[in-house]
Amino acid sequence: LDPGFVPLHGTYRVDEELAGEDANEPTAKRLKTNKDGWNAASNVDNARDLAANVVPILPRDAKHLLLDIEGCTTAISFVKDTLFPFVLEHLDSYVNALQPTEYNSLAHALSQDLTPEQQANEEVDTKDCSSMVRFMVKNDLKLASLKSLQGQMWKFGYERGDLKGHVYSDVIHMMQWMQSHGVKIYIYSSGSVQAQKLLFGYSIHGNLCEFLDRHFDISTSGNKKQAASYVSICQDLNIPPSDQVFCSDAEAELEAAREAGVGHVVMTVRPGNAPLTAQGRKAYPQVFSLLQLCGL
C-alpha cells in the first residue's frame, strides 16, 4: 500500500502550502488544512504537541482502562469556564439556604482541609463558608470538602437543565468499542465521584454512565500525583497494576502511575491542554483521540 497515493474518489487532506491548482487533480476533493490548528479548525497554544503522534493501540489482552476527565474525556475549558463560575455565581444563595447545623458542618469540613498557613490568610474567614470556598477556587486547591460542595451544587444545576456535561465526540464511540470488546472503563478524577456521575449522566451526548464500571476520586483513592493512589485503585479492582491502562493529560499523574507499576500510561493531547515538556513528549506515547486506543 502506498500511503501517499491520492484517492480517486471521496475527500482527502492536503497542507495549505501544497494546495495549489493542479490540472491533473483527481475527482477526489482536496480539503485544505491549517497545520498549526486542531483538526484543521484553528490555532491553539499547544499546536506543537499536535504536530506529531505515536499511536498506541490498546494491548490485545488489556481489559482495564482508567481515564482522567479534564483534558482527556472533557475540555479543560468546560470546568474552568462553565462549572467553576456556576458554583461562584450561586454560592451565597446556596450556603445561606442551609440549615444552621448543615452550615456549621460545611464550615468545619472546609476549614479542616486548609493548612494553618492558609487559615491565617487575610482573605480567609474560617467561619464563613463563602469566604473559604472563594479562596480555594482562586488558588486552585483540589480539596475533598470543596469538591464535595461543588458536586452538590452541580447536581442542582444539571437536574434543572442549567448544565450539560461536555464530553468529546470521540469518547462515546470509544466507550461503545470498549464495551463490545469486554474492556472495563473506570474514571479517576480530582472531582468527586458524584460530580463525575453528573457530568457523564447529563452529558451533551446523553447518559453515558452505563459504559462506566467504577469511579474513583481523591477522597476514595488519594492524590493523583502519588503512586500509592494507583496501587490503591488496582487493589480495589483486584487486579495487578500491570494490567491497568491509564490515560491522562498530566505528566505528574502519568509518572506516578508508572511508578506504581501501571502497565501502560498514555498522554492525551487535547486543545487547550498545558503544552508538553520536552521530557514528557519523549517519555509518554500520545493520542489526539481516545479512538486511537481502539486502533481506529
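The values are calculated or read from the model by the stated rules, or taken from the named source; none is laboratory data. What you see is a predicted model; the values in this text were computed from it and never measured. FYI the Cβ positions are ideal-geometry reconstructions off the backbone, even for glycines, and counts take in every protein chain you see. The protein model used for the area step is the full one, side chains on, heavy atoms only, and it has no ligands, DNA or RNA in it. Shrake-Rupley method; radii C 1.70, N 1.55, O 1.52, S 1.80 Å.
Under 7 Å between Cβ atoms, which residue pairs at least 6 apart in sequence (or on different chains) link something in region 88-106 that is open to solvent by less than 90 Å² (accessible area, probe 1.4 Å) with a partner that is not in a helix (DSSP H, G or I)?
Cβ pairs passing all conditions: Leu106/Leu98.
Take Ile239 and decide whether it is of a type in the set (Val, Ile, Thr), more than 30 Å from Phe86 (Cα to Cα) and in a loop (DSSP other than H, G, I, E, B).
yes
Do we find a residue being basic (Lys, Arg), open to solvent by 60 Å² or more (accessible area, probe 1.4 Å), assigned to a helix (DSSP H, G or I) and at pLDDT below 95 anywhere in region 75-82?
Scanning region 75-82, I find at least one residue that is basic (Lys, Arg), open to solvent by 60 Å² or more (accessible area, probe 1.4 Å), assigned to a helix (DSSP H, G or I) and at pLDDT below 95, so the answer is yes.
Restricting the search to region 243-271, which residues are part of a strand (DSSP E or B) and either hydroxyl-bearing (Ser, Thr, Tyr) or without any contact (Cβ under 8 Å) to a residue 24 or more places away in the chain (or both)?
Correct list: Ser248, Val265, Met267, Thr268.
Which condition does Gln179 not pass, out of (1) closer than 25 Å to Asp140 by Cβ; (2) assigned to a helix (DSSP H, G or I), if it passes all the others?
All conditions pass for Gln179, except number (1).
Among the residues of region 133-155, write down those that are in contact (Cβ under 8 Å) with a residue 24 or more places away in the chain and either touching a strand residue (DSSP E or B) at 6+ places or on another chain (Cβ under 7 Å) or over 23 Å from Thr220 (Cβ atoms) (or both).
Within region 133-155, just Arg134 meets the criteria.
Report yes if Gly191 is farther than 20 Å from Val287 by Cβ and either of a type in the set (A, V, I, L, M) or open to solvent by 20 Å² or more (accessible area, probe 1.4 Å) (or both), otherwise no.
Spelling it out, it is not the case that Gly191 is farther than 20 Å from Val287 by Cβ and either of a type in the set (A, V, I, L, M) or open to solvent by 20 Å² or more (accessible area, probe 1.4 Å) (or both).
Go through region 97-153 residue by residue and tally those that are in contact with a helix residue (DSSP H, G or I) (Cβ under 8 Å, 6 or more places away or on another chain), among the charged types (D, E, K, R) and within 24 Å of Leu163 (Cβ to Cβ).
Result for region 97-153: 3.
Quick check on region 196-214: of everything there that is open to solvent by less than 30 Å² (accessible area, probe 1.4 Å) and either part of a loop (DSSP other than H, G, I, E, B) or in contact with a Phe, Trp or Tyr (Cβ under 7 Å, 6 or more places away or on another chain) (or both), which residue is farthest from Gly165 (Cα to Cα)?
Top of the filtered list is Leu212.
Taking interchain pairs and intrachain pairs at least six residues apart, which have beta carbon atoms under 8 angstrom, with the first residue in region 115-132 and open to solvent by 50 Å² or more (accessible area, probe 1.4 Å) and the second in a loop (DSSP other than H, G, I, E, B)?
Gln119/Thr126; Thr126/Leu114
Which of the residues that make up region 56-74 are open to solvent by 30 Å² or more (accessible area, probe 1.4 Å) and under 23 Å from Ala195 (Cβ atoms)?
His64, Glu70
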